[in-house]
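For reference, the structure is listed below as structure tokens.
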Amino acid sequence: MLSTRAISIRRSFVVAFLVAFVGSVALASTSDIEVVGGSHGDADVIRSYFAGTSDAEVQAGLEALRTSGRFTNVSVSRSGGRVIVHVSEGNLINRVAFEGNSKVKTDTLQTEIRTKAHGSFNPQVADQDVARMTEIYKRSGRAAAKVSYRTVQLPNGKIDVVFSIEEGDKTGIKEIKFIGNEVYSTSRLVGLMRRPR
């Protein structure tokens, strides 16, 4: 019969073995991922997007990396048992500025966009930011607002991203027409719309 101490030592050995085995499997899966490109990016951070090297894990990591908006181009290839992640970063952004916005505050716009100072520039993300700001103006009653962006190259290799906004006039309703109202007259329907609730 084994003593309590012997049982405790056996359990400790089994637990240590399992921890070492699981750790070596995890280490092997991340060490099988090579990162190419990305001078601003940390290879370990890029690897952290990938849970492993199976096709499903690589596809999920690739989508997550693309969605992050940190890189202008992301692709994956395989060589032997290794997964090679190719990334291209855009220019580093010095600052993000807004021109022409007086009706929607700069702070509001900055919280809504994904293009940020000190991040990598991605034209697709900037295009999404333009669409997001256009929607903000529509919700505030300015459907005619126009938003665009431009980049300004700086001597240090960084860029400024400038969003130009033409806010336009507030959109109003000139006339409301009712079609097919046979039960209620137009004046009664208009009266119901004016009635406060």
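The values are calculated or read from the model by the stated rules, or taken from the named source; none is laboratory data. Note that the structure is a prediction, hence the values are computed from the model and not measured. Cβ atoms come from the backbone with ideal geometry, glycine included; neighbour counts cover every protein chain shown. The accessibility values were calculated without ligands, DNA or RNA, using every heavy atom of the protein model including side chains. Shrake-Rupley method; radii C 1.70, N 1.55, O 1.52, S 1.80 Å.
The number of residues in region 30-89 that are over 28 Å from K158 (Cβ atoms) and of a type in the set (A, V, I, L, M, F, W, C) comes to 9. I113: touching a residue at least 12 places away in the same chain (Cβ under 8 Å) and touching a Leu at 6+ places or on another chain (Cβ under 8 Å), yes or no? Here the answer is no, as I113 does not meet what is asked.
Restricting attention to region 161-181, the residues that are over 19 Å from T108 (Cα atoms) and not hydroxyl-bearing (S, T, Y) total 11. When you scan region 108-120, do you find a residue that is touching a strand residue (DSSP E or B) at 6+ places or on another chain (Cβ under 7 Å) and farther than 30 Å from Y49 by Cβ, even just one? Scanning region 108-120, I find no residue that is touching a strand residue (DSSP E or B) at 6+ places or on another chain (Cβ under 7 Å) and farther than 30 Å from Y49 by Cβ, so the answer is no. When restricted to residues that are surrounded by 14 or more Cβ atoms within 10 Å (Cβ to Cβ) and either of a type in the set (A, V, I, L, M) or assigned to a strand (DSSP E or B) (or both), region 121-139 contains 5.
Whether a residue is at pLDDT 95 or above, assigned to a strand (DSSP E or B) and surrounded by 14 or more Cβ atoms within 10 Å (Cβ to Cβ) was assessed, and V96 passes this test. Restricting region 63-90 to residues that are closer than 18 Å to Q128 by Cα and assigned to a loop (DSSP other than H, G, I, E, B) leaves a set whose member that is modelled with the lowest pLDDT is G69.
The residue pairs whose first member lies in region 96-107 and is under 18 Å from D169 (Cβ atoms), whose second member is among the basic types (K, R), and whose beta carbons are closer than 7 Å, counting only pairs six or more residues apart or on different chains, are K103/R142.
Okay, residues lined up against (1) open to solvent by less than 100 Å² (accessible area, probe 1.4 Å); (2) over 25 Å from L62 (Cβ atoms):
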{"site": "R78", "(1), (2)": "no, no"}
{"site": "G119", "(1), (2)": "yes, no"}
{"site": "G141", "(1), (2)": "yes, yes"}
{"site": "T151", "(1), (2)": "yes, yes"}
{"site": "L154", "(1), (2)": "yes, yes"}
{"site": "I165", "(1), (2)": "yes, yes"}
{"site": "S187", "(1), (2)": "yes, yes"}
{"site": "G191", "(1), (2)": "yes, yes"}
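Regarding region 167-177, can at least one residue be identified that is at pLDDT below 90, among the aliphatic types (A, V, I, L, M) and within 28 Å of A131 (Cβ to Cβ)? The answer is yes, given that some residue of region 167-177 is at pLDDT below 90, among the aliphatic types (A, V, I, L, M) and within 28 Å of A131 (Cβ to Cβ).
Is region 39-62 home to any residue that is part of a loop (DSSP other than H, G, I, E, B), at positive phi and at pLDDT below 85? Among the residues of region 39-62, not one is part of a loop (DSSP other than H, G, I, E, B), at positive phi and at pLDDT below 85, which makes the answer no. Tallying residues that are open to solvent by 30 Å² or more (accessible area, probe 1.4 Å) and touching a residue at least 60 places away in the same chain (Cβ under 8 Å) within region 80-93 yields 2.
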